[in-house]
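To start, the structure under review is shown below, and the notes come after it.
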């Protein structure tokens, strides 16, 4: 197994047939059959060796034509694995097992979802970068993961949604540090002088906090709530800035984040449109700018935990890859499509999406989900902290998974290299060992 390289001249489209709307009733019926198939398939991940390559048994006839563009990173016929940098070089997780008591501050080497983190991820060997996009109240797509932005103090936290912030307010979120001059807030593309001045003032009063449960509002009695600090600070970028900053051969997994409460079974169509309108317009503008500069269009994958968003993405972008993220029941939700791997596979197949992205930890208990997805003609990736285990990454690969999103790119690349799995991928810097062959 080799690490997938950056395909400099690859086209952007993954040709999928025309999608259709799918009801949750149909999904419930289909997922019952898939659950039965998955139950039979549970057990060790089985592999065989053929023509010098390790392959999942019977994967090749199941998956169908791999397509082009981002899909080439997930080509089941190759002996490479696509390695995605989660929020760049990795998410800023508090390891509650290592630090069971509340820390005075959450401190990390590099802030997640920032341009330095993304560049370091690619330099370390990532095949693509994964990041989260939300839209501010004044319609600007920005890179941010959590549902809530928490500021203030642990004793008096202030919770706001990205939709509650203007772009200028978003630009003020990074705490002041010695290596980030305050005037940098004014160096934002398209920011008016008066807005930059407002951002400067807000920065002096802003301190980011984070809690373990970032999808819910923080409260002062939360023992996990603490200051969120990083050794290397940088502004949180907009989507436009990220497109401009990253080398054109770096592929993007654009996860559309939706901050609708989990007790609501469906996301209102107006909220879907509020998000997708600016995001897709931003992608189109960036791709047009690349073409005008004589550069190849960037390879892009769209993903989301929200099936309504995935369906609309597939409708608006029928030639692009769209994959449905599934926690396999790890997260409570009123939407039955989001409560199990079986439901996710059934819905993604019925909606004719490109594939599914499974929670790697949950997949340990349900390895048959990979076979169920492949049987349904879907491509498969995984995400989660379990993917820092290089042996488990190889096990997934042998089962038919060709894309893994990881939180420690350097560690996984080094482990796979030492295991004889191949060299790191070509990224923003020259190859560190030796480049994997083109897919």
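The values are calculated or read from the model by the stated rules, or taken from the named source; none is laboratory data. Source: prediction; values computed, not measured. All Cβ positions, even for glycine, are placed from backbone atoms using ideal geometry, and neighbour counts span all protein chains on display.
General remarks:
- Candidates 325, 313, 275, 242 - the one that is in a strand (DSSP E or B), in contact with a strand residue (DSSP E or B) (Cβ under 7 Å, 6 or more places away or on another chain) and surrounded by 20 or more Cβ atoms within 10 Å (Cβ to Cβ): 325
- Filter result for residue 189 (assigned to a loop (DSSP other than H, G, I, E, B), modelled with pLDDT under 90 and surrounded by fewer than 17 Cβ atoms within 10 Å (Cβ to Cβ)): yes
- Residue within segment 333-351 that is more than 20 Å from the chain's Cα centre (by Cα), modelled with pLDDT of 95 or more, assigned to a loop (DSSP other than H, G, I, E, B) and surrounded by fewer than 23 Cβ atoms within 10 Å (Cβ to Cβ) present: yes
- Some residue of segment 105-115 being within 15 Å of residue 274 (Cβ to Cβ) and not in a helix (DSSP H, G or I): no
- Scan of segment 352-373 for residues that are without any contact (Cβ under 8 Å) to a residue 60 or more places away in the chain, buried (at least 20 other Cβ atoms within 10 Å of the Cβ) and over 18 Å from residue 406 (Cβ atoms), ordered by number: 373
- If you go through segment 118-139 and keep only what is over 15 Å from the mean Cα position of the chain (by Cα) and surrounded by fewer than 23 Cβ atoms within 10 Å (Cβ to Cβ), you end up with 119, 123, 136, 137, 138, 139.
- There is at least one residue in segment 225-232 that is in contact (Cβ under 8 Å) with a residue 24 or more places away in the chain, more than 22 Å from residue 117 (Cβ to Cβ) and assigned by TED's automatic domain parsing to the domain that holds residue 168.
- Matching residues, segment 131-170, being closer than 19 Å to residue 250 by Cα and in contact with a helix residue (DSSP H, G or I) (Cβ under 9 Å, 6 or more places away or on another chain): 131, 133, 142, 143
- Scanning segment 278-310 for residues that are more than 24 Å from residue 237 (Cα to Cα) and surrounded by 15 or more Cβ atoms within 10 Å (Cβ to Cβ) turns up 307, 308.
- Of the helices (runs of 4 or more DSSP H) entirely within segment 354-411, those holding at least 3 residues that are at pLDDT 95 or above and farther than 20 Å from residue 120 by Cβ occupy 360-365, 368-375.
- Any hit, segment 281-289, residues being in a loop (DSSP other than H, G, I, E, B) and modelled with pLDDT of 95 or more: no
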